[in-house]
1. Take the conditions in a loop (DSSP other than H, G, I, E, B), free of Cβ contacts under 8 Å to residues at least 24 places away in the same chain and surrounded by 12 or more Cβ atoms within 10 Å (Cβ to Cβ) and apply them to residue 102. Does it pass?
2. Does the range 17-49 hold any residues that are within 17 Å of residue 83 (Cβ to Cβ) and in a loop (DSSP other than H, G, I, E, B), and which are they?
3. Looking only at the range 74-88, how many residues end up being closer than 15 Å to residue 19 by Cα and at pLDDT 95 or above?
4. When you go through (1) in contact with a strand residue (DSSP E or B) (Cβ under 6 Å, 6 or more places away or on another chain); (2) farther than 29 Å from residue 150 by Cα; (3) buried (at least 17 other Cβ atoms within 10 Å of the Cβ) one by one for residue 132, which number turns out not to apply?
5. In the range 50-65, which residue that is free of Cβ contacts under 8 Å to residues at least 24 places away in the same chain and in contact with a strand residue (DSSP E or B) (Cβ under 7 Å, 6 or more places away or on another chain) is farthest from residue 121 (Cα to Cα)?
6. Collect the residues in the range 135-149 that are surrounded by 18 or more Cβ atoms within 10 Å (Cβ to Cβ) and touching a helix residue (DSSP H, G or I) at 6+ places or on another chain (Cβ under 9 Å), keeping them in residue-number order.
7. Hey, could you check the range 45-62 for residues that are surrounded by 14 or more Cβ atoms within 10 Å (Cβ to Cβ) and in contact with a helix residue (DSSP H, G or I) (Cβ under 9 Å, 6 or more places away or on another chain) and say which is nearest to residue 138 (Cα to Cα)?
């Protein structure tokens, strides 16, 4: 999608995204997909057709006009991606794995079971992705923003 181009995006009666290309072709059940959901969540978003082919590329979500199109994309991305962000580690059952962690996330309090240290993956110098035994991924966006107690508990597993 060229910068400054208006994105013709709507939602049908069934809640599916409908994209109208510049040539006027309507595509129903379009799915927005982030290229880099953890490292650059607002950059590199593809609008994928029902057949799995890319219909449009969005370099940066903040450039999408009109605003309601941007809100539709954000809404669909939110329902598609479930990655709670850990804000604090309240307690761990043991420092040996498997271990049950009690955490506070941006979506509420949760308990997760860490099967092994290999379920903690470093995304960058400051970001981690923690997978629980059910396959739910939790994000720690910035280690330096965790409180001292949380960092101390986490250090035992790193």
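The values are calculated or read from the model by the stated rules, or taken from the named source; none is laboratory data. Since the structure is predicted, the reported quantities are computational estimates derived from the model, not experimental observations. No Cβ is skipped: glycine too gets one built from the backbone with ideal geometry, and neighbour counts run over all protein chains shown.
1. no
2. 35, 36, 37, 38, 39, 40, 41, 42
3. Total meeting the criteria: 0.
4. Among (1) in contact with a strand residue (DSSP E or B) (Cβ under 6 Å, 6 or more places away or on another chain); (2) farther than 29 Å from residue 150 by Cα; (3) buried (at least 17 other Cβ atoms within 10 Å of the Cβ), residue 132 violates only (2).
5. It comes out as 50.
6. Of everything in the range 135-149, those that are surrounded by 18 or more Cβ atoms within 10 Å (Cβ to Cβ) and touching a helix residue (DSSP H, G or I) at 6+ places or on another chain (Cβ under 9 Å) turn out to be 140, 146.
7. 45
Every residue, every condition in (1) assigned by TED's automatic domain parsing to the domain that holds residue 32; (2) at pLDDT below 95; (3) assigned to a strand (DSSP E or B), yes or no:
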{"residue": "90", "(1), (2), (3)": "no, no, yes"}
{"residue": "95", "(1), (2), (3)": "no, yes, no"}
{"residue": "112", "(1), (2), (3)": "no, no, yes"}
{"residue": "118", "(1), (2), (3)": "no, yes, no"}
{"residue": "121", "(1), (2), (3)": "no, yes, yes"}
